[in-house]
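Working notes, structure below.
The values are calculated or read from the model by the stated rules, or taken from the named source; none is laboratory data. As the structure is a computational prediction, the values presented were derived from the model and not from experiment. Because the Cβ atoms are built from the backbone with ideal geometry, glycine has one as well, and the counts that use them run over all protein chains shown. The accessibility values were calculated without ligands, DNA or RNA, using every heavy atom of the protein model including side chains. Shrake-Rupley method; radii C 1.70, N 1.55, O 1.52, S 1.80 Å.
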Amino acid sequence: DILFQDDGARSLRYAPYSANTGFYYVRNNDKTKFLFRSLLFLGDMVLSMTSHQQALAALLDEHSSLTGLRVKTLSGSEFPGGYHYHRKKEIDFMKDIVTGKHIPYLLHMSWTTNKANKLLFLKQMGLWYTSEGCESGGAVDLAKDSSGTSLQQKCCSAEALISCHYRDKPSTHACHGQGKNIDVKGKPFW
């Protein structure tokens, strides 16, 4: 009924599914409608936990037992996230991704403090294809332009738009040794 990306956290608060709410697929049925209706009614729980992910994780366990809701967690190798990106134990896996040896279906930049860093990390990994003028809402203005050039031509690049920022985070070979460390005691990725 519902598929989640693996968050990577194995703490009790996300047990037993370790579901990440940054990427998930929900089948439209009575069980899932009841699940999300229950979540809506538990707004106070979301506020007290300061995390909708934690509140939903608690409900997943309850609803799988109560209604027979089928919950699955997707493979971390095919649907990696910030857990893989930020943990040094996963360095070989991340090198396989940036060198093209392994091509996941998606990479969700979870476990990252803010949107600005998510963007920098994706750019230095060679996984960013949106031109700068279309970031942060710029595409809305470009869409209004009546020059005849499509929004796709204005915003989308066929080649990755690489820029280097942090030498201690996964990056393409083009960024080898460039940038500064973002983590305390960070070691170079390459």
Practice problem: Calculate the radius of gyration of the Cα atoms of the chain to one decimal place, then report Dmax, the largest Cα-Cα distance, as a whole number, both in Å. | Solution: 19.4, 57
Quiz prompt | For region 39-149, the Rg and Dmax computed from alpha carbons only, in angstrom | solution = 18.9, 57
Quiz item: Can you pull the accessible area of Lys144 for me, 1.4 Å probe, Å² to the nearest 10?
Solution: 150
Self-check item: Relative packing of peptides 24-30, 109-115 - highest average C-beta neighbours within 10 Å first
Solution: 109-115, 24-30
Self-check item: 24 Å Cα-Cα reach of Lys154 towards lysines, excluding residues that sit fewer than 8 places from it in its own chain
Solution: Lys115, Lys118, Lys123, Lys144
Quiz item: How much accessible area per residue does the chain have, in Å², with a 1.4 Å probe?
Solution: 59
Exercise. Quick one: accessible surface of Arg167, probe radius 1.4 Å, all protein chains present, in square angstrom to the nearest 10.
Key: 90
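For the chain, list the DSSP H helices whose alpha carbon atoms reach 15 Å or more along the long axis and whose average Kyte-Doolittle value is -1.0 or above?
On the way: long enough: 30-41 (16 Å, 0.21); 52-66 (20 Å, -0.09).
Correct list, ordered by number: 30-41, 52-66.
For every helix of n ≥ 4 consecutive DSSP H residues, a contribution of -39,500 (n - 2.57) applies; sum these over the chain, divide by its total residues, and give [θ] at 222 nm rounded to the nearest 500 deg cm²/dmol. Display every interim value, and only then the final one.
On the way: 8 runs with 69 residues, N = 190.
It comes out at -10000 deg cm²/dmol, rounded to the nearest 500.
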Quiz item: Quick one: with all protein chains in place, what share of the accessible area of region 64-118 is carbon or sulfur, to the nearest percent (1.4 Å probe)?
Solution: 52
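What fraction of the DSSP beta bridges in the chain is antiparallel, stated in percent and rounded to the nearest 5?
Working: 6 of 11 bridges.
Counting only bridges with both partners in the chain, antiparallel ones make up about 55 percent.
Evaluate the charge dipole of region 1-98 about its Cα centre and quote only its size in Debye, nearest 20, assuming +1 on the Cβ of each Lys and Arg and -1 on the Cβ of each Asp and Glu.
Numbers: 12 positive and 11 negative charges, 4 e Å.
Using only the charged Cβ atoms, the result is roughly 20 debye.
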Quiz item: Under a 5 Å amide H to amide H cut-off, with H placed in plane at 1.01 Å, what residues pair with Ala19 once short-range neighbours are removed?
Solution: Asp7
Quiz item: Given springs between every Cα pair under 10 Å in a Gaussian network model of the chain, which of Ser64, Ser171, Ser136 has the largest fluctuation?
Solution: Ser136
